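Student: Take a look at the following structure, please.
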Amino acid sequence: MKAQIDTLQAQVDQLSKAQTQPVLIAPAQAVQAGDKPRTWKIPGTDTSLQIGGYVKGDLTYDFGPSNQIIGDSFGASAIPSAGATRHRDGSFRAHARQSRVWIRTWTPSPLGEIETHIQGDFFGGGGNEIFSNSSAFRLRHAYGRVGGLLVGQTWTNFMALASYPDTVDFFGPTGMPFLRQGQIRYTFNSGPMKISVSAENPELRGTSVAASALGAGGGGSASTAANVGLDKAPDLTAAVKYSGEGYTLRLAGVLRALKVDDGGANAPAKVNDSDVGYGLHASATVNTFGDDTLMLNFGYGDGGGRYMHIPGGIFGAVNINAANNINTIKTWATVIGYEHHWNSDFKSVVAWGHTNMDDVLGPKSNFQVDTIHGNLWWNLAPRKRAGLEVVYGRNELAAANNDTVRLNAAIQFFF
């Protein structure tokens, strides 16, 4: 009997002690860790939220035509011809326009995980170096994705991100597809293979010249055929990507409906013509020694236009000839890059880019751009790095040839 009474007394003592302890209950709106790394749950929802981005300060010095002509990103095709009025030697520039911020979310649903992504930087228009150096914020990415379906604005399905060399300069080498736009895309995953198809925003750009500028020697000055491109159908793309151990292969294509109609603005010589344009891009990334990577890219297009990237390019998919008909412009592009890791803190990237466009202003009027990037990246601390790069660029259009060199230093702070 005494033993039973002692047991009951012990239980009473435990209950009494428990009642005197504070009960900690998380409030319904408390912030909790999210389902993805570096995320947290939006209170009252199952949505995981991530805010990220970086601040990047760039210091550039041009030994030839200045950044006021070429731009804050190295656009070799904008280099003026030798002896041109605006050809000036030596120019320093400091800016932080590449700095960017993004917001991403992930939400479980009966259809699968829903992902959204909004991102922007400060390479928009505006800016006043005299007073405040303000630069306008611009939209880069804004899309939603569930399963294999993506809708919104992001990189074109034609672009091969994995084979893009890591340059200090924002543009990178000429000849790499570099395009963001609105689209609807579907990706099929089958083990190591991904097949993606998309319908994307069309935008036709062309050039026109006076009849006297067309001839066997080419040359002449180009003008953009503004407000005459008629976008009647989306650009259609398809890509196949295969990832093996130590390598990735990718093949992409784009098909375009090209239509020019000035609505009779140039009457009686009305411009109203159409054609079909296309582009192909093949790429490969290969791990060579240690963490080193070789990047190979080759592209060809006939009327591919802006998909066959020339940083700062002045030409498009077609030219309008003296008879007011459109001729598609053929483009060849090659980019070879190599990334070498000296150790865990230092790496270097060397990249050569080449673009050649046939008959940009008429028969035998070709345009060629070459760029060479060489850099050294240093991981200063976790989520901080510094880069130093030398960029050489040259363009050739008939007799209007010129080249220049830029030195670019940058520090990048990720958050």
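The values are calculated or read from the model by the stated rules, or taken from the named source; none is laboratory data. These figures come from a predicted structure and were not determined experimentally. Glycine also receives a Cβ, built like all others from the backbone with ideal geometry; neighbour counts cover every protein chain displayed.
Student: If I filter region 319-337 down to residues being at negative phi and assigned to a loop (DSSP other than H, G, I, E, B), which single residue comes out as modelled with the lowest pLDDT?
Tutor: Ala322
Student: Continuing with the same structure: Quick one: in region 135-160, which of the residues that are of a type in the set (Ser, Thr, Tyr) and modelled with pLDDT of 95 or more is nearest to Ile195 (Cα to Cα)?
Tutor: It comes out as Thr156.
Student: Something else now. I'd like the residue in region 343-371 that is crowded, with 18+ Cβ neighbours inside 10 Å, assigned to a strand (DSSP E or B) and among the β-branched types (Val, Ile, Thr) and, out of all such residues, is modelled with the highest pLDDT.
Tutor: Here the residue is Val349.
Student: Continuing with this model, one more query. Can you name the residue in region 384-405 that is at pLDDT 95 or above and of a type in the set (Lys, Arg) and is also surrounded by the fewest Cβ atoms within 10 Å (Cβ to Cβ) among such residues?
Tutor: Looking at residues that are at pLDDT 95 or above and of a type in the set (Lys, Arg), I get Lys384.
Student: Across region 322-337, what is the number of residues that are over 21 Å from Ser73 (Cα atoms) and in contact with a strand residue (DSSP E or B) (Cβ under 6 Å, 6 or more places away or on another chain)?
Tutor: 8
Student: Of Gly316, Gly277, Gly299, which residue is under 25 Å from Ala78 (Cα atoms), in contact with a Lys or Arg (Cβ under 8 Å, 6 or more places away or on another chain) and assigned to a strand (DSSP E or B)?
Tutor: It is Gly277.
Student: Is it true that some residue in region 357-369 is touching a strand residue (DSSP E or B) at 6+ places or on another chain (Cβ under 6 Å) and without any contact (Cβ under 8 Å) to a residue 40 or more places away in the chain?
Tutor: For region 357-369, residues touching a strand residue (DSSP E or B) at 6+ places or on another chain (Cβ under 6 Å) and without any contact (Cβ under 8 Å) to a residue 40 or more places away in the chain: present.
Student: Additional query: Here is a list: Gly206, Gly253, Gly246, Gly277. Which entry is of a type outside the set (Lys, Arg), in contact with a strand residue (DSSP E or B) (Cβ under 8 Å, 6 or more places away or on another chain), modelled with pLDDT of 70 or more and more than 19 Å from Ile329 (Cα to Cα)?
Tutor: Just a single option satisfies the conditions, and that option is Gly246.
Student: His340 passes all but one of (1) part of a strand (DSSP E or B); (2) crowded, with 18+ Cβ neighbours inside 10 Å; which number fails?
Tutor: Evaluating His340 over (1) part of a strand (DSSP E or B); (2) crowded, with 18+ Cβ neighbours inside 10 Å leaves (2) as the failure.
Student: Shifting gears a bit: Checking the structure you have, find out if any residue of region 126-134 is at pLDDT 95 or above and over 12 Å from the mean Cα position of the chain (by Cα).
Tutor: no
Student: I'd like to verify a number: residues in region 32-75 that are among the aromatic types (Phe, Trp, Tyr), under 30 Å from Thr371 (Cα atoms) and over 25 Å from the mean Cα position of the chain (by Cα), how many?
Tutor: Of the residues in that region, 1 qualify.
Student: Still on this structure, I have one more. Filter region 132-167 down to the residues that are of a type in the set (Gly, Ala, Ser), in contact with a Ser or Thr (Cβ under 7 Å, 6 or more places away or on another chain) and assigned to a strand (DSSP E or B) and list them by number.
Tutor: Scanning region 132-167 gives a single hit, Gly144.
Student: Does Glu129 satisfy the criteria of being free of Cβ contacts under 8 Å to residues at least 40 places away in the same chain and either surrounded by fewer than 16 Cβ atoms within 10 Å (Cβ to Cβ) or assigned to a loop (DSSP other than H, G, I, E, B) (or both)?
Tutor: Spelling it out, Glu129 is indeed free of Cβ contacts under 8 Å to residues at least 40 places away in the same chain and either surrounded by fewer than 16 Cβ atoms within 10 Å (Cβ to Cβ) or assigned to a loop (DSSP other than H, G, I, E, B) (or both).
Student: Something else now. Is at least one residue of region 298-315 farther than 20 Å from Gly206 by Cβ, surrounded by 14 or more Cβ atoms within 10 Å (Cβ to Cβ) and at pLDDT 95 or above?
Tutor: yes
Student: Ser196 versus (1) modelled with pLDDT of 90 or more; (2) over 28 Å from Gln98 (Cα atoms); (3) of a type outside the set (A, V, I, L, M); (4) surrounded by fewer than 16 Cβ atoms within 10 Å (Cβ to Cβ): which is the lone unmet condition?
Tutor: The number of the failed condition is (4).
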